[in-house]
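So the structure is just underneath, and the comments pick up after that.
Derivation of every value follows stated rules applied to the coordinates shown; laboratory data play no part. Not measured: the values here are computed from a predicted model. All Cβ positions, glycine included, derive from the backbone under ideal geometry; neighbour counts span all protein chains shown.
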Amino acid sequence: MDNSEGYAIELRGIVKRFPGVVANDGIDLKVHRGEIHCLLGENGAGKTTLMRILYGLYRPDEGEIILNGQSVQMTSPRAALNNHIGMVHQHFRLVPTLSVEENIVLGLDEGTGPFMNFHKTRQKISAIAGEYGLSIDPQAKIWQLSVGQQQRVEILKALYREVDILIMDEPTSVLTPQEVSQLFTTLRTLVDDGLTIIFITHKLDEVIQVSNRVTVLRKGKAVSTLSTAETDKPGLARLMVGREVVFQLEKSPLKRREKLLEVNGLYALSDRKLPALRGVSFDLFGGEILGVAGVSGNGQYELAEVLTGLRKSTKGRILLGKKEVTNCSARKMYDLKVAHIPAERIRMGIVPALSIRENLILKKYRHHPFSHREFLDNKEIEENAHRAMSDYQIAAPSCETPAKLLSGGNIQKVVLARELSENPNLIVAVHPTYGLDIGATEQVRQVLLIQRERGAATLLISEDLEEIMTMSDRILVIFKGEVMGILDAESADIEEIGLMMAGTRHKGEQL
Amino acid sequence: MKSRLGFKVEKRAIVSGSLVFFVSLFAIFAALVVAGIFFRIYGVSPIHAYQLILKGALGNKFGLAETVRRAIPLLLCGVGLTIAFRALFWNIGAEGQLLMGAVAAAGVALFSGLPGPLLLPAMFIGGFLGGAAWGLIPAILKVMLGLNDVITTLMMNYIAIYFVEWLIHGPWKGPTARGFAYTDTFPRAAWLPTLYGTRIHWPTLVLGLVLAVVMYILVNRTRSGFEIRVIGENPDAARFAGISRFKTTLLVMLISGGFAGLAGVGEIAGIHLRLLGPTHISMGYGYTAIIVAWLARRNPLAVIVTSLLFGVIMAGGDVIKVSLGLPFQLINVFNGLILFFLIGSEIFLRYKISFFLRR
């Protein structure tokens, strides 16, 4: 029997270089037909690059793609689809203003001539949806759907194109725990039906839960391929990071100090002018981390923006210490020692084209000693950069390096150095470790815990429940702009938080 | 085995200065080649035409002087535009701002009655304010009402053009202009000195050079410059950092409009000595300056070089008109082509495209 017979896909010696890095360094990957195969690795390990090569988005510099025993050229996503390979990207590729069915047939040659035939389309969609339990209204507009539903549309889109191989790029990062288990059920049904699934993730639990086999990538190389049954979490972590990993974070007992933030009946609108916050109230004390759990898009970003002066509230009050700061400007909030670690660090946190040196003074360039009247003091700015780079271990050739050339972890360190160097009273941290590797994640969490120790009040907004659970002293769950309840982190139960994230109000509500 | 030519597109991490230079040079060369087709249609050898243009614009004292005097308004408008473009304000209205600067300066020259030595400085101040006011209107409309800056600045040009027409046909029509649509000639004290035997009104040239340096320092060394750069490179980060878009937009348009206004002062006080038809005052300097600023990659110092280059092209326009009997408007075709290729070539700055043979 030919060796490659049993494989749905075989990648041989894939090399892909980007300026300054080798993203894929001779990777071999063999995926059995009808299995869920996890690609596990830290950010920057080359998982997504490898899958983009398979999906025809990138051309490999070297190496071969073998499908069903035949070498193929994957020149474009269309070529991939012709070979029955589909991909669900981490950031969905849907048109928000179009309906589900319109998105599904987008780019396909359906109907007769210039006319669409939605009748047939609809039948086919509901047939597929029925078969795999992916219920959805084909005429709903994408923007009306929750993130979990949108993901379902992406999967339907691939199935509609009759794919045999489905690549899922970090599919769980935007889902509630319940939605995650629903997704896993769907994936298993698909595999039972003969599909092959490649599942990209950096979460060890998911690997254990869902996969048949797993290939671990590290720094562009395939370190090992294992059968999931024969491995465990610590073993995978060791392969992924290349050293032993401590799972427990050193966290000192809570030393609550004075009340630093009081939010009272806060209302605000989203960018679409729809109600995003509906009467949010909570208190936050010095030395405490309050985690905000919620499915993406339930008001947590608006909350962060209102608290940092980037968005106006329409009703309600914010007290910082004893000072009323409702609807103060972003600059005013910064001057009042409110730090903001924004969700999208590249879009908001830095100016990619400017140097590290300049990014480090993004908010304090107007203050002594960085400027004297109108003129900037380059000497002080440079010294500040050297200090920050050594304090926060920012790895870069020099402080003149443009921020866009840094890795995600180093960019986040630039943001942290800038935001935390002034000893803030209130820290609003949104997804502070999103997309960072284990090493950088550990470091960022350490920094936040040091601030907690120092007496800062921290509002930690994150979609990573594990992060919320390990870091927080109390957990606030938000749903559709309303507080579903605030729980004590010690005694909180992940199932209950999941239910609250889906809109169940906490019974013994305590504020 | 048959081999096929394949190509690969990759994002560039760093864009070096020399790459920018060569890509820009390539864009100009491509424009030359395509413009050559138009010369061909007129039955003139493009090579011959380009030789004539170069010789005419640079080969003798008169040509050189014409090149420089054309470069002066381009320099002033261009420097101002680099600042506006840096802050992502798309000012297409330097033409109108230049005209309003000229109007304000003409008003001062004709009606203020200021004594001799004060007259020219007052004209420059008035011209700056005239241009700045014209630039601030679209700026305010954008930050207050969110109106599109490209449209408003462009439309303001037409208002300025017809306003000048109205002035010279109506209230400001000179009693001594013998029926022509001019104002009266300015008093002597309102004439800018020129270099001997040329039309180079050197005070405006010096002003342009100084302002280019000052703007370079402003952008790179000052708080306002930092704010402009942050807004230009990442408006979201600017909002995040609490930088006021309102204030910065007004500042850049004060500068951009004001500098265009100064260019208008130079043209009427240095060349024409009266307010006259808008197409005579400007010949499209405000529009050409957009290309000047873009070719300079929004660097105020580089505008000194690019404005001279376009000075050559405009002076060359006179040459093809006189020596070849071709319309001056060919120059506009050429300018348009340069901008076209310049913007088209940006892709080579952002991406690296490499070719290879594939089996």
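Applying the Karplus relation 6.51 cos²θ - 1.76 cosθ + 1.60 with θ = phi - 60° to segment A:354-365 yields 3J(HN,Hα) values of 8, 6, 4, 3, 6, 5, 6, 10, 3, 9, 10, 5 Hz, where x marks Gly and Pro. A full extension of the chain between A:Ser296 and A:Lys203 corresponds to an added length of 31.6 nm, given 0.36 nm per residue minus the alpha carbon distance. A simple spin-label model places the labels of B:Asn332 and B:Lys61 3.4 nm from each other, with each point 7 Å out along Cα-to-Cβ. Extending 7 Å from the Cα toward the beta-carbon at both A:Arg12 and A:Arg366 defines two label points whose distance is 6.3 nm.
Computing FRET efficiency as 1/(1 + (r/R0)^6) for A:Ala79 and B:Ser18, where r is the C-beta to C-beta distance and R0 is 30 Å, gives about 0.20.
The tail of the calculated P(r) for the protein assembly as shown beyond 39 Å holds 54 percent of all Cα-Cα pairs. The GluC sites (Glu not before Pro) of segment A:218-288 that meet both conditions, a loop assignment by DSSP and at most 12 other Cβ atoms within 10 Å of the site Cβ, are A:Glu244, A:Glu250, A:Glu258. Beta bridges assigned by DSSP with both partners in chain A are antiparallel in approximately 60 percent of cases.
When the helices of the protein assembly as shown are scored as -39500 (n - 2.57) per DSSP H run of n ≥ 4 and the total is divided over every residue, the value at 222 nm lands at -15000 deg cm²/dmol. Calculated FRET efficiency, A:Ser329 to A:Lys255, Cβ-Cβ distance, R0 = 41 Å: about 0.80 to the nearest 0.05. Computed over the alpha carbons of segment A:252-304, Rg followed by Dmax gives 13.3, 42 Å. Using the Karplus relation 6.51 cos²θ - 1.76 cosθ + 1.60 with θ = phi - 60°, the per-residue 3J(HN,Hα) values for segment A:480-490 come to 6, x, 10, 7, 7, x, 10, 10, 7, 5, 4 Hz, with x marking Gly and Pro.
Partner aspartates and glutamates whose Cα lies under 19 Å from the Cα of A:Lys323, excluding those fewer than 8 positions away in the same chain, are identified as A:Glu258, A:Glu262, A:Asp283, A:Glu305, A:Asp335. Express in whole angstrom the spacing between the alpha-carbon centres of segment A:29-101 and segment A:338-363. Cα centres, segment A:29-101 to segment A:338-363: 33 Å. For the residue pairs A:Lys141/A:Lys219; A:Lys47/B:Lys11; A:Lys16/A:Lys203; A:Lys203/A:Lys315; A:Lys337/A:Lys404; A:Lys124/A:Lys203, the C-alpha atoms sit more than 31 angstrom apart in A:Lys141/A:Lys219; A:Lys203/A:Lys315; A:Lys124/A:Lys203. Label separation (B:Phe340 vs A:Gln139): 4.8 nm, computed from points 7 Å beyond Cα along the C-beta direction.
Taking only the Cα atoms of chain A, the radius of gyration and Dmax are 24.4, 79 Å. Mean per-residue shielding of peptide A:340-349 is 3, counting Cβ atoms of other chains within 10 Å of each Cβ.
If you take the Cα centroid of segment A:295-318 and the Cα centroid of segment B:221-296, the two points sit 37 Å apart.
Computed over segment A:347-422, the percent of Cα pairs more than 16 Å apart is 41.
Annotation: amide H-H contacts under 5 Å for A:Ala222 (H modelled 1.01 Å from N, sequence separation of 5 or more, or interchain): A:Asp28. Quick one: Debye curve from the alpha-carbon atoms of segment A:3-241 only, equal weights, vacuum; give me log10 I(q)/I(0) at q = 0.09, 0.10 Å⁻¹ to two decimals. After summing over all Cα pairs, the log10 values are -0.38, -0.47.
Treating r as the C-beta distance of A:Phe92 and B:Val9 and R0 as 30 Å, the FRET efficiency rounds to 0.80.
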